[in-house]
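Laboratory data are not the source of any read-out in this text; all were calculated from the coordinates shown. Keep in mind that what you see is a predicted model, and the values were worked out from it rather than measured. Heads up, the Cβs are rebuilt from the backbone with ideal geometry, glycines too, and the neighbour counts pull from every protein chain shown.
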Amino acid sequence: MSGILSICYLVASVTFILGLKMLSNPATARKGNLIAAGGMIIAILGTIFLYENDGKKLGNYPWIFSAIIIGTIIGTLAAKKVKMTAMPELVSFFNGMGGACAALISIIEFDYLFRENKMFDSTFFSHVVPVGHYLAIIAGTIIGSISFAGSVIAWGKLNGKIKDFTFKGQHLFNLVVFALVIFFAIYTYQSDVKVANIPFFITVALALLYGVFFVLPIGGADMPVVISLLNSFTGVAAACGGFLYNNKAMLTGGILVGAAGTLLTILMCRAMNRSLKNVLIGSFGGTAKSAVGAKGAQGGYKEISLSDAAMVMAYSKKVMIVPGYGLAVAQAQHACHELEKVLEEKGVEVKYAIHPVAGRMPGHMNVLLAEADVSYDKLLEMEDANEEFKTTDVVLILGANDVVNPAAKNDPSSPIYGMPILEVELAKTVIVNKRSMKPGYAGIENELFFQPKTSMLFGDAKKVLQDLLAEIKNV
Amino acid sequence: MQAVINFLHENIEAVYIVILMIFLGIEIIGRVPSVLHTPLMSGANAIHGVVIIGAIIVMGKAESGNYIALILGFLAVVLGTLNVVGGFVVTDRMLEMFKKKK
């Protein structure tokens, strides 16, 4: 029987590799996801019915099945009900659950070891447990706990429940906590078998604490990068479980995600022209304030009325729409598509300029606009868009801010200096829709709003777009 | 030092897998367009839900009197399932929207 199980795991491993490969190509992505899911089902069913532990089959079927049913119901509901805007935080939440799962497995395995050995005469834990076995357990515990705590904080930050929190000496504090985690992990291994559980649980608590303080100071705009990083952490934690049970499916799946996740994290950083180190250590804060102070006396901005905006757009040749998080929050993607159609009926060419990190996650805007049936070839990536701005009459910015901030190009003191931006100022006119003059996620002023060719159109993106639609139809 | 060598030797098969998977993982997503970053992250997130296998094993071998293992194991299976099912469903939902384009 265990022969069949090995094949199940082999099939699962292959589907994971194939799935991930197909996920990185738009044409095959959806099928790839389903293939990986199929492999997962095979691995899970195989484990339940075929796994043997020292010749004994697994028991507790009622527990296992009820747990799976509960998890399936909650997971499906959460995934189906979530709004497109809340997608990133849900991914973070699921990632945290995986991390917690990995940590719990290791904690239970530690508990077994502890119970088995505590009745023996006093001896060191390291004398009764092989180092490889202990390493797999402790690494799974620590990485899983960090991933869990970090993901929950990232989840809270993205849905606005948790605010950025920094204090002086935070990096040093984090370093000390991390050193303590390692210290207690080693100390556990070197302690007496009768009391080894105490330093072990201190390790767990410290790892959770580290996860919290690791994510807390990082700005909300950088959350996608952090989630991607924590995602690869959970992969490694799962691989630790693979070591523990000598399970090839867990090992391949975990390491694959660990490696791919790390690369994805770096790719995301690159899209923002920032280094991972910069994201993790250089939290937005101090420098931002000085930038605001320096640029404080920027003079006024001008507003444009709906009818004027409608007029300008209806009589232009080419309109470029720059969507941002504001569009996502207002759920204005459908209204946006409507506007595009109406303008095209009037003979205006309409395209979208998509910044790689617009919204809260790379690709976020593409997903949203695809939901509203916006044709794929109307979405321009940043470089193409920057070419086309020169020939664009009107740029309509919908709730985007930092990705069009010229400070990234010409103000070395700005915290976003160096990030590639959409160069909207190349166009003839810029209309900015925002809810207010409040700065964007990076917390810095945007001089674009004060430029002569820019006019502001305040209000909720959806409301403004609907009113704009009505006006344009009347033109 | 001897312990490390022994450890590597005993698990040499796993070590090979780890190293090959690292290269493979980097290789297969190396050219992903930024459009797909979010769904790819979400899909990878679902795949590491494979950790649920460990949870099922822990749960399945827990003895009836061991409440710590039973309760924590139960929780682990629930959370693992959340990760797997939620992860795949949410990824499918994201990608479904891409598909609609002609």
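Over all distinct Cα-Cα pairs of region A:299-474, the Kirkwood formula returns a hydrodynamic radius of 15.8 Å. Inter-chain neighbour count for A:231-240: the average number of beta-carbon atoms from partner chains within 10 Å of each residue's beta-carbon is 5. For the residue pairs A:K318/A:K390; A:K194/B:K61; A:K346/A:K390, alpha carbon separations beyond 18 Å are given by A:K194/B:K61; A:K346/A:K390.
Under a model in which nothing but the beta-carbon of Lys, Arg (+1) and Asp, Glu (-1) is charged, region A:299-474 shows a dipole of about 380 debye around its Cα centre.
Which shape class, rounded, prolate or oblate, goes with region A:1-81 when its Cα gyration tensor gives a ≥ b ≥ c as root eigenvalues, a/c under 1.5 marks rounded, and past that a/b bigger than b/c marks prolate?
Taking the square roots of the gyration eigenvalues as a ≥ b ≥ c, region A:1-81 is oblate.
Note on chain B: GNM, Cα springs under 10 Å; of B:I22, B:I56, B:I47, the largest mean-square fluctuation is that of B:I22. Among the residues of A:72-78, the average count of other protein chain beta-carbon atoms within 10 Å of the residue beta-carbon is 6.
Descending by average beta-carbon neighbour count within 10 Å, the peptides A:252-261, A:157-166 line up as A:252-261, A:157-166, the highest first. With a 10 Å cut-off around each Cβ of B:60-69, the average count of Cβ atoms from other chains is 5. Just how far, in whole angstrom, is region A:433-475 from region B:20-84 if you go by their alpha carbon centroids? After rounding, the separation between the Cα centres reads 43 Å.
Distance from the alpha carbon centroid of region A:107-163 to that of region A:332-375 works out to 46 angstrom.
Computed from the alpha carbon positions, the gyration tensor of the protein assembly as shown leads to an equivalent ellipsoid with semi-axes of 48, 26, 18 Å, biggest first.
Against the main long axis of the alpha-carbon atoms of chain A, helix A:2-23 sits at an angle near 20°. Against the longest alpha carbon principal axis of chain A, how many degrees, from 0 to 90 and to the nearest 10, is the axis of helix A:461-474 turned? The two axes meet at around 30 degrees.
Please work out whether region B:1-77 counts as rounded, prolate or oblate from its C-alpha gyration tensor, where a ≥ b ≥ c are the square roots of the eigenvalues and a/c under 1.5 means rounded, while otherwise a/b larger than b/c means prolate and anything else oblate?
Details: a/c = 4.08, a/b = 1.26, b/c = 3.24.
Oblate is the answer for region B:1-77, as a/c is 1.5 or above yet b/c matches or exceeds a/b.
Provide A:E423, B:E96 in ascending order of the number of other Cβ atoms located within 10 Å of each residue's Cβ, fewest first. Before the final figure, lay out the partial values.
Working: A:E423 18, B:E96 14.
In increasing order of surrounding Cβ atoms, one gets B:E96, A:E423.
Considering only B:A44, B:A76, B:A14, the mean-square fluctuation computed in a Gaussian network model of chain B, springs between alpha carbons under 10 angstrom, is largest for B:A14.
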